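A.B. asks: Quick one: structure below, then a few questions.
The values are calculated or read from the model by the stated rules, or taken from the named source; none is laboratory data. All values derive from a computational prediction rather than experimental measurement. So basically every Cβ, Gly included, is an ideal-geometry build from the backbone, and we count neighbours across all protein chains shown.
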Amino acid sequence: MKNLNHPPPWLDKFLQWRMPEEQFEEVQGDMHELYGQWVEEMGEGKARRRYLWTTLTFLRPLPKAKKSLYPTYSDYSQANFFDMIRNYFKIAYRNLIRHKSFSFLNILGLTLGLTACLLIALFVRDEKSFDTFIPEGDRIYRIYLQVTNNEGTNNSAGTPPRFATTLPQEFPEVEKALRLLKLQSKDLFEAGDKKIYEEGGIAVDSTFFDFFPLSFAYGTTTGIFDDPTSIIISKEMAERYFGKENPIGKQISRNKTPFQVKGVFENNPKFHLQLTYILPLRITGIPQERMQSWGWQQFNTYVKLKPNATISSLETKFQDYIRENVHPILKESSFTYLPRFQPLHNVHLYSSDFKFDNLAVRGNITYVNALTIIALFILLIACFNFVNLATAKSLQRAKEVGVRKTVGATRKQLIIQYISETVLLAFISMSISVILTFLIVPWLNRFTEKQITFDLFTNPLLLPLLLILTIGVGVLAGFYPALVLSGFQPVKVLKGAGMADSKPGQIPWLRHSLVVVQFSLSVLLIVSAMVVIRQVNYLHNKDLGINKEQILFFPMRGDNMFNNYETFKNELLKSSTVSSVSIGYGFPGDMVAGDNIITSKEGKRVSQRAIQLMVDHDYVKTLDIQLIAGRDFSKQMSTDKDAAYIINETAVRELGFGTPDNALGKTLWWEVWGAENSDSLKQGQVIGVVKDFHYNSLYDKVETTVLQIFPDAYWKVAVKLKTAQMATALPHVQAVWNKFSPDYPIEYRFLDESFEQMYKAEDKLKSLLWIFTCITVFVACLGLFGLAAYAAERRKKEIGIRKVLGASVESLVLLLSKEFVKLVAVALLLATPLAWYAMDNWLQDFAYRIDLDWWIFALAGVLALLIALLTVSFQSIKAALMNPVKSLRSE
């Protein structure tokens, strides 16, 4: 029969292995007695676990000198692991309460660091989670083009429609292909009494849901593209028109054309395509010959590879195919391209520099990586602070260490105790950080226009990760101070001898290194913030070559307005509140057309890429574009409509005309859009040259630009209003609109708003950099404050002697401060080249940028020095004003 008062033999063997041989018999008897008691109290299973835990706490037997503290070894065994930890945390809690200012500074620094890390981590996790929900996403690739033209090489998301038909036919690695065409303008949708302009529409191939199986609230994908009058709408759009009703089978009209709702899909916020409605591609009515084009690049093309297919092999083969079959077709054009395959999971973050990518929701991997680095910076600085503050406090705890060592505490026990204090402090900081994160996430969502969630209680991995982070931060921050404190010699500290973490005459390399690193990171962020702010201000304030103020523009709607646009324009001009009106295609801040222009060189016609702006006679006047040679379009010159061009300064250079005056009278040819004869060319002369003006963001260089009168492309109206009469101007525009297009509500915006919208990402980056720079500098100052307190404490008696010998307060403050000034100067020297390299790389993305002037780095250094001096001066002045009698009393 099993004896419940004795543990299993394997537990005895484990105890024997843990204990020295000479004391095993005594300990074994005590442990058996305890085991019997535990079986009665808690049962056999728990008794075994308690026996095992108690055995694990026996690191070494107690020496004879200490054994008197415990009557029997069984008493020692009851001081188990949990009791030991509980005792450590009690002591830690008492120390935190006793040293309130020290605790407050540490908790504040760690809280700020951890909160910043949590918020940035949530943002980065959200950015990197795009498209991860799509099944077989690792086999889906988006094709983009590396386009080379007279402006250089760039990446373009637009691809020819021919790609999607050629790839599955010619390359066995491709399982299927998909084309997406963004419907560029906002369309008027009507259902019942609701009339709303909607954007975010696409026309797609029938393979769309094979690639992207979105969830459906109503309807299914079966046969959804069979009927060209069918439409699939988002859940949000369905609620706008039909409320909570099931809209399947109901009618909704798009630009007065009726469609039947066949499905309602749910947008996933982590999908790189945020859509409002989906139509079959054939509804666009694009001619078949256009769909066979290799040069028309208006589609987004996706491919799904067969299992085990290699993308690198496919890319190489397809590029060779393009070189052999397509480049000869493009030889007369001013560009060539090579296709590249982008993994689906990279579309969101790795497309920020793509041209013509107005369909995908784009992030920026550079900004994500920068924020990740900043989060690590702040956390490291917060940990460094604790090291400096704890080291500064170590002298006040020297006697405590001496007493503990005298009564038998080992260095290992002291290290564990002091690290447990840091871990407790980290837990307090993390708890506050979690609360702050919950409070700040709603603001972060508004700021980033995202749906970030802090799912602490629903994500099973998040809480363990936070616990690991908390313990890791606590151990990292507390390890060095624990070594310093536990290394004090009890004989010296109890006799009142001064203690330090370095020997006299030696440089405390670790502490100084921490301060240098802290302020190097601070200077780096200060410089970065200053450069970003200057560049963003430059983007908003640079002379664009146009006057974008008080210009209202909107698309024309309805056949009556399109057929009578001149009458509509004249009606607008009847009001004294309107200065000028222009109708055309290609206004700054809006869509512009890329096409070719043909010139004559050495007797041969040469085609070159150009931006085509289809304008009327008042375009130049309305936008205040500067004419530097020749004349503007004139209604008195009947030939201007069919045989005249105006070009910009860049075109003069790129087309080889030499000077603006030499360009006048030169002949240009243009292949007319939509002409019945595909060889139909418009021949005309250059009648004027305008100063370069910006129609896109300053990320892009001004390209060769051609202005011509071509009414067939007109679709937007720009109205220049008189500033002083804005209140009466808008009602006049509304009244004229209602007269010509009463069935369509007017939808307008101001030109300057379009340019402001271009730099939203940079504006947000500027704000974030300011916030994180202030946090970093503030947290770094907490560490410097700790170091100054340490220096003042360590040199207390020296300061007392100097004061007795007649030293002034000013000289003492200078004495204590100059060491820190040197450290900040070293930090500035280290940070300057890093900051220059990082900011120069960032500015490379802009075609128009500020210069990295020397004074930016000098100003950042001066700011860092002033901040350091203000931080240090508090402790320096306090030490210099101290009564020397108190400092020297023990001598």
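A.B. asks: Whether any residue in the range 111-126 is more than 30 Å from ASN385 (Cβ to Cβ) and of a type outside the set (A, V, I, L, M, F, W, C) is what I want to check. Quick ask: steps written out before the conclusion?
C.D. replies: First, the residues of the range 111-126 that are more than 30 Å from ASN385 (Cβ to Cβ): none.
Taking every residue of the range 111-126 in turn, none turns out to be more than 30 Å from ASN385 (Cβ to Cβ) and of a type outside the set (A, V, I, L, M, F, W, C).
A.B. asks: Has the range 276-293 got at least one residue that is under 27 Å from GLN451 (Cα atoms) and in a loop (DSSP other than H, G, I, E, B)?
C.D. replies: yes
A.B. asks: Test TYR241 against the stated conditions and say whether it is surrounded by fewer than 19 Cβ atoms within 10 Å (Cβ to Cβ) and over 22 Å from MET291 (Cα atoms). Step through it out loud before you land on a result.
C.D. replies: Working: surrounded by fewer than 19 Cβ atoms within 10 Å (Cβ to Cβ): no; over 22 Å from MET291 (Cα atoms): yes.
Spelling it out, it is not the case that TYR241 is surrounded by fewer than 19 Cβ atoms within 10 Å (Cβ to Cβ) and over 22 Å from MET291 (Cα atoms).
A.B. asks: Of the residues ILE374, ILE329, ILE365, only one is of a type outside the set (S, T, N, Q) and touching a residue at least 60 places away in the same chain (Cβ under 8 Å); which? Working first, answer last.
C.D. replies: On the way: ILE329 fails: touching a residue at least 60 places away in the same chain (Cβ under 8 Å); ILE365 fails: touching a residue at least 60 places away in the same chain (Cβ under 8 Å).
Result of the check over ILE374, ILE329, ILE365: ILE374.
A.B. asks: Looking at the structure I just gave you, is PHE750 surrounded by fewer than 19 Cβ atoms within 10 Å (Cβ to Cβ) and of a type outside the set (D, E, K, R)?
C.D. replies: Numbers: surrounded by fewer than 19 Cβ atoms within 10 Å (Cβ to Cβ): yes; of a type outside the set (D, E, K, R): yes.
The answer is yes for PHE750.
A.B. asks: Would you confirm whether or not the range 288-302 contains a residue that is β-branched (Val, Ile, Thr), out of contact with any strand residue (DSSP E or B) (no Cβ under 6 Å at 6 or more places or on another chain) and modelled with pLDDT of 90 or more?
C.D. replies: Here is the first cut: in the range 288-302, the residues β-branched (Val, Ile, Thr) are 301.
Of the ones still in play, those that are also out of contact with any strand residue (DSSP E or B) (no Cβ under 6 Å at 6 or more places or on another chain) are none.
Looking for residues that are β-branched (Val, Ile, Thr), out of contact with any strand residue (DSSP E or B) (no Cβ under 6 Å at 6 or more places or on another chain) and modelled with pLDDT of 90 or more, one finds none in the range 288-302, hence no.
A.B. asks: Please give the number of the condition ILE107 fails out of (1) closer than 21 Å to PHE356 by Cα; (2) of a type in the set (A, V, I, L, M); (3) over 26 Å from the mean Cα position of the chain (by Cα).
C.D. replies: (1)
A.B. asks: Can you list residue pairs whose Cβ atoms sit under 9 Å apart, with the first residue in the range 608-626 being at positive phi and the second being surrounded by 22 or more Cβ atoms within 10 Å (Cβ to Cβ)? Count only pairs 6 or more apart in sequence or on different chains.
C.D. replies: Matching pairs, first to second residue: ASP624/ILE546; ASP624/LYS720.
A.B. asks: Go through the residues of the range 760-768 one by one and say whether even a single one is outside any helix (DSSP H, G or I) and out of contact with any strand residue (DSSP E or B) (no Cβ under 6 Å at 6 or more places or on another chain). Outline the logic, then answer.
C.D. replies: First pass over the range 760-768, keeping only residues outside any helix (DSSP H, G or I): none.
No, the conditions are met nowhere in the range 760-768.
A.B. asks: Continuing with the same structure: Which condition number does ILE415 fail, the rest of (1) assigned to a loop (DSSP other than H, G, I, E, B); (2) at negative phi; (3) at pLDDT below 85 being met?
C.D. replies: With respect to (1) assigned to a loop (DSSP other than H, G, I, E, B); (2) at negative phi; (3) at pLDDT below 85, ILE415 is out only on (1).
A.B. asks: Another question about this same structure. Quick check: anything in the range 554-575 closer than 30 Å to MET839 by Cα and not assigned by TED's automatic domain parsing to the domain that holds LEU843? Quick ask: steps written out before the conclusion?
C.D. replies: So in the range 554-575, the residues closer than 30 Å to MET839 by Cα come out as none.
No, the range 554-575 contains no residue that is closer than 30 Å to MET839 by Cα and not assigned by TED's automatic domain parsing to the domain that holds LEU843.
A.B. asks: Also, quick follow-up: Based on this model, can you work out whether GLN626 counts as surrounded by fewer than 15 Cβ atoms within 10 Å (Cβ to Cβ) and under 42 Å from the mean Cα position of the chain (by Cα)? Full working, then the answer.
C.D. replies: On the way: surrounded by fewer than 15 Cβ atoms within 10 Å (Cβ to Cβ): yes; under 42 Å from the mean Cα position of the chain (by Cα): yes.
Here the answer is yes, as GLN626 does meet what is asked.
A.B. asks: Right, something else. Which ones in the range 738-759 are in a loop (DSSP other than H, G, I, E, B) and among the hydroxyl-bearing types (Ser, Thr, Tyr)? It would help to see each step written out before you state the result.
C.D. replies: Let us first name the residues in the range 738-759 that are in a loop (DSSP other than H, G, I, E, B), namely 741-748, 759.
Result: SER741, TYR744, TYR748, TYR759.
A.B. asks: What number of residues within the range 274-295 satisfy the criterion of being surrounded by fewer than 16 Cβ atoms within 10 Å (Cβ to Cβ), more than 18 Å from ARG142 (Cβ to Cβ) and touching a residue at least 12 places away in the same chain (Cβ under 8 Å)?
C.D. replies: Pass one, the range 274-295, residues surrounded by fewer than 16 Cβ atoms within 10 Å (Cβ to Cβ): 274, 282, 284-285, 287-290, 292-293, 295.
Then drop every residue that is not more than 18 Å from ARG142 (Cβ to Cβ), which leaves 282, 284-285, 287-290, 292-293, 295.
Now narrow it down to the ones that are touching a residue at least 12 places away in the same chain (Cβ under 8 Å): 282, 284, 290, 292-293, 295.
Residues that pass the stated criteria total 6.
A.B. asks: Here are ALA651, ALA729, ALA663: which of them is closer than 27 Å to PHE554 by Cβ and buried (at least 21 other Cβ atoms within 10 Å of the Cβ)? Reasoning before the result, please.
C.D. replies: On the way: ALA651 fails: closer than 27 Å to PHE554 by Cβ; ALA663 fails: closer than 27 Å to PHE554 by Cβ.
Just one listed residue meets the conditions, ALA729.
A.B. asks: Could you say which residue among PHE857, PHE874 is farther than 30 Å from VAL531 by Cβ and of a type outside the set (Val, Ile, Thr)?
C.D. replies: Values: PHE857 fails: farther than 30 Å from VAL531 by Cβ.
The unique qualifying residue is PHE874.
A.B. asks: Only strands (runs of 3 or more DSSP E) wholly contained in the range 146-263 count here; list those with 3 or more residues that are over 17 Å from LEU281 (Cα atoms). Give the derivation first.
C.D. replies: On the way: elements: 152-156, 174-182, 187-191, 194-198, 201-204, 216-219, 230-234, 251-254.
Answer list for the range 146-263: 152-156, 187-191, 194-198, 216-219, 251-254.
Quick grid of which residues meet (1) farther than 21 Å from ASP543 by Cα; (2) of a type in the set (Asp, Glu); (3) modelled with pLDDT of 90 or more; (4) within 47 Å of the chain's Cα centre (by Cα):
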position	(1), (2), (3), (4)
GLU649	no, yes, yes, yes
VAL652	no, no, yes, yes
PHE657	yes, no, yes, yes
ALA663	yes, no, yes, yes
GLY674	yes, no, no, yes
GLY684	yes, no, yes, no
VAL689	no, no, yes, yes
ASN696	no, no, no, yes
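A.B. asks: Of (1) under 38 Å from the mean Cα position of the chain (by Cα); (2) assigned to a strand (DSSP E or B); (3) buried (at least 19 other Cβ atoms within 10 Å of the Cβ), ASP595 satisfies all except one. Which?
C.D. replies: Against the list (1) under 38 Å from the mean Cα position of the chain (by Cα); (2) assigned to a strand (DSSP E or B); (3) buried (at least 19 other Cβ atoms within 10 Å of the Cβ), ASP595 comes up short only on (3).
A.B. asks: Considering only the range 85-111, how many residues are more than 25 Å from PHE778 (Cβ to Cβ) and touching a residue at least 12 places away in the same chain (Cβ under 8 Å)?
C.D. replies: Summing the residues that are more than 25 Å from PHE778 (Cβ to Cβ) and touching a residue at least 12 places away in the same chain (Cβ under 8 Å) in the range 85-111 gives 6.
A.B. asks: Please verify whether LEU784 is assigned to a helix (DSSP H, G or I) and either under 30 Å from PHE553 (Cβ atoms) or of a type in the set (A, V, I, L, M, F, W, C) (or both), treating the condition exactly as stated.
C.D. replies: Values: assigned to a helix (DSSP H, G or I): yes; either under 30 Å from PHE553 (Cβ atoms) or of a type in the set (A, V, I, L, M, F, W, C) (or both): yes.
Answer is yes for this residue.
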